[in-house]
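Trainee: Please find one structure pasted underneath; my questions will follow.
Bear in mind these aren't lab numbers, they're just calculated from the coordinates by the rules spelled out. No experiment lies behind these values; they were computed from the predicted model shown. All Cβ positions, even for glycine, are placed from backbone atoms using ideal geometry, and neighbour counts span all protein chains on display.
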Amino acid sequence: MSHRNAPLTPTGRLRLARCVVDDGWPLRRAAERFQVSHSTAARWAGRYRRQGAAGMHDRSSRPHRSPRQTPATVEEQVVRLRREHHIGPVRLAARTGIAASTAHRILHRHGLPALAAADRATGAPVRRYERERPGELVHVDVKKLGRIPDGGGHKVLGRAAGSPNKDRRNGVGYAYLHTALDDHTRLAYTEDLPDEKAATCAAFLRRATAWFAAQGVTVERVLTDNAWAYTKNTWRDTCYDLGISPRWTRPWRPQTNGKVERFHRTLLDEWAYHRPYTSDSERQAAFPDWLDWYNYHRPHTGIGGHTPASRVTNLPGQHT
């Protein structure tokens, strides 16, 4: 491909060559007319004589021979190890005795994506998608999070002192964080609820739909996994009453609902485990501010560094 400062495009090269070959212009005159060097004019005229108009396009700069290229047997070994063990260039280099940069070039040459862009289980490229408008698809999921006893958990008291709180019967129990996240904007609505029963999930969907409506987003479809609560008539009837079309992920394919899964990981890193809390109420008190920061102020790398709220085109008050 011609660089942006190239004096001649393929069309310009053809015009120059025809002036020289077909019309009999001297090379010096053609070079001055098209503002190129004498050798450049001679090169394109020569190609036109040999190849015609097809010779005016750029050629590949790849050499005809690469005597120092990695042997085919080593390349086959790198590709086989990658497909069998799903490992990156550094570990492949250690196993095959080549440089990590060489292993990277081999993977690129064979069309194998980076590990970050591949499914962890199969190594196949991850197919990413994004809905075109807010509300077209909302992801819903529940994250179970251990509650913090008064006085602090193991992050404050240490592993030995905090371990009794993990007792399922006598411990402080779990928080069930229900989240609805819009696919297009990444706008999120989360509630801390006591369980994940069908009635609880259905009531959460009603409140989440109302919250999105207040943001100017009409929920059209909702995507969940195949958890018990989402397969019951309570969930289906609630979706029907709200005019929402329910969708479910394929079994054993949590990646389909990956946007809300990734939100939960961000939630844990930046809020739940961000600092030691001395009680569950202290952690919960910090949540509304964090969620407001996520929706309205935090740059989101998945949407080009914009904030989720900035992608809601009719967000109330955004033009005031």
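Trainee: Could you state the principal axis extents of the C-alpha atoms in the range 72-117, from the largest down, to the nearest angstrom?
Mentor: 25, 19, 18
Trainee: Please figure out what share of the DSSP beta bridges in the chain is antiparallel and state it in percent, rounded to the nearest 5.
Mentor: Close to 75 percent.
Trainee: Moving on to the next point. Can you put C19, C201 in order, fewest other beta carbons within 10 Å first?
Mentor: In order of increasing Cβ crowding within 10 Å: C19, C201.
Trainee: Using a 10 Å Cβ count of at most 14 others and DSSP loop calls, identify the longest part of the chain lacking such GluC sites (Glu not before Pro).
Mentor: With GluC sites (Glu not before Pro) excluded where exposed in loops, the chain gives 133-320 as its longest stretch.
Trainee: Set the Förster radius R0 to 51 Å, insert the Cβ-Cβ distance between R207 and R62 as r into 1/(1 + (r/R0)^6), and round the FRET efficiency to 0.05. Intermediate values should be presented prior to the final figure.
Mentor: Numbers: r = 60 Å, r/R0 = 1.17.
Calculated transfer efficiency: 0.30.
Trainee: Work from the charge dipole of the chain (Cβ charges, +1 for Lys and Arg, -1 for Asp and Glu, about the Cα centre) and give the residue of T234, L8, G97 farthest towards its positive end.
Mentor: So the residue furthest toward the plus end is L8.
Trainee: Okay, next question. Determine the relative contact order of the range 72-117: mean sequence separation of Cα pairs under 8 Å and six or more apart, normalised by residue count, in whole percent.
Mentor: 36
Trainee: Moving on to the next point. At 20 °C and 1.002 mPa s, grab the translational diffusion coefficient of the range 138-311 from Stokes-Einstein with a Kirkwood Rh over Cα pairs, rounded to a whole number in µm² per second.
Mentor: Once the numbers are plugged in, D ends up at 125 µm²/s.
Trainee: For the pair W228 and S39, what calculated FRET efficiency results from E = 1/(1 + (r/R0)^6), where r is the Cβ-Cβ distance and R0 = 51 Å, to the nearest 0.05? Before the final figure, lay out the partial values.
Mentor: Working: r = 76 Å, r/R0 = 1.49.
Efficiency, from the Cβ-Cβ distance: 0.10.
Trainee: Now for a separate question. How many nm separate the modelled label positions at R247 and A199, each set 7 Å beyond the Cα in the direction of the Cβ?
Mentor: For R247 paired with A199, the spin-label model returns 3.1 nm.
Trainee: Which longest run of the chain has no exposed loop site in it, a site being chymotrypsin sites (Phe, Trp or Tyr not before Pro) in a DSSP loop with at most 10 other beta carbons within 10 Å, and the site itself not part of the run?
Mentor: Of all site-free stretches, the longest is 1-128.
Trainee: Give me the dipole magnitude in Debye, nearest 20, for the chain about the Cα centre, with unit charges on the beta carbon: positive for Lys and Arg, negative for Asp and Glu. Write out the running numbers ahead of the final one.
Mentor: On the way: 52 positive and 31 negative charges, 454 e Å.
In debye, rounded to 20, the chain gives about 2180.
Trainee: Which whole-Hz ³J(HN,Hα) couplings does the range 133-139 yield from phi under the Karplus relation 6.51 cos²θ - 1.76 cosθ + 1.60, θ = phi - 60°, glycine and proline marked x?
Mentor: 9, x, x, 4, 8, 10, 8
Trainee: Follow-up question, since we're still on this one. Under the Karplus relation 6.51 cos²θ - 1.76 cosθ + 1.60, θ = phi - 60°, what is the ordered set of whole-Hz ³J(HN,Hα) values for the range 11-21, x standing for Gly and Pro?
Mentor: My calculation for the range 11-21 gives 5, x, 4, 5, 5, 4, 4, 5, 4, 7, 7 Hz in order.
Trainee: How high is the FRET efficiency from S101 to F287, r the C-beta distance, R0 51 Å, rounded to 0.05?
Mentor: Working: r = 45 Å, r/R0 = 0.88.
According to the calculation, E is roughly 0.70.
Trainee: Below 8 Å between Cα atoms, with a sequence gap of 6+, how large is the relative contact order for the chain in percent?
Mentor: Contact order relative to length: 13 percent.
Trainee: Let me ask another. What does a probe at D237 reach in the range 193-229, counting residues whose amide N is under 18 Å from the point 7 Å along Cα→Cβ?
Mentor: Zone members listed by number: 197-207, 228-229.
Trainee: A further question on this structure: Between T313 and T301, how many nm apart are label points set 7 Å from Cα along the C-beta direction?
Mentor: 2.9
Trainee: Calculated from the structure, Kirkwood radius over Cα pairs in Å equals which of (i) 21.7; (ii) 25.4; (iii) 19.8?
Mentor: Given (i) 21.7; (ii) 25.4; (iii) 19.8, the structure-derived one carries the label (ii).
Trainee: Rounded to the nearest 500 deg cm²/dmol, what is the calculated helix-only ellipticity per residue at 222 nm for the chain, with -39500 (n - 2.57) per DSSP H run of length n ≥ 4?
Mentor: Details: 12 runs with 128 residues, N = 320.
So the helix-based figure for the chain works out to -12000 deg cm²/dmol.
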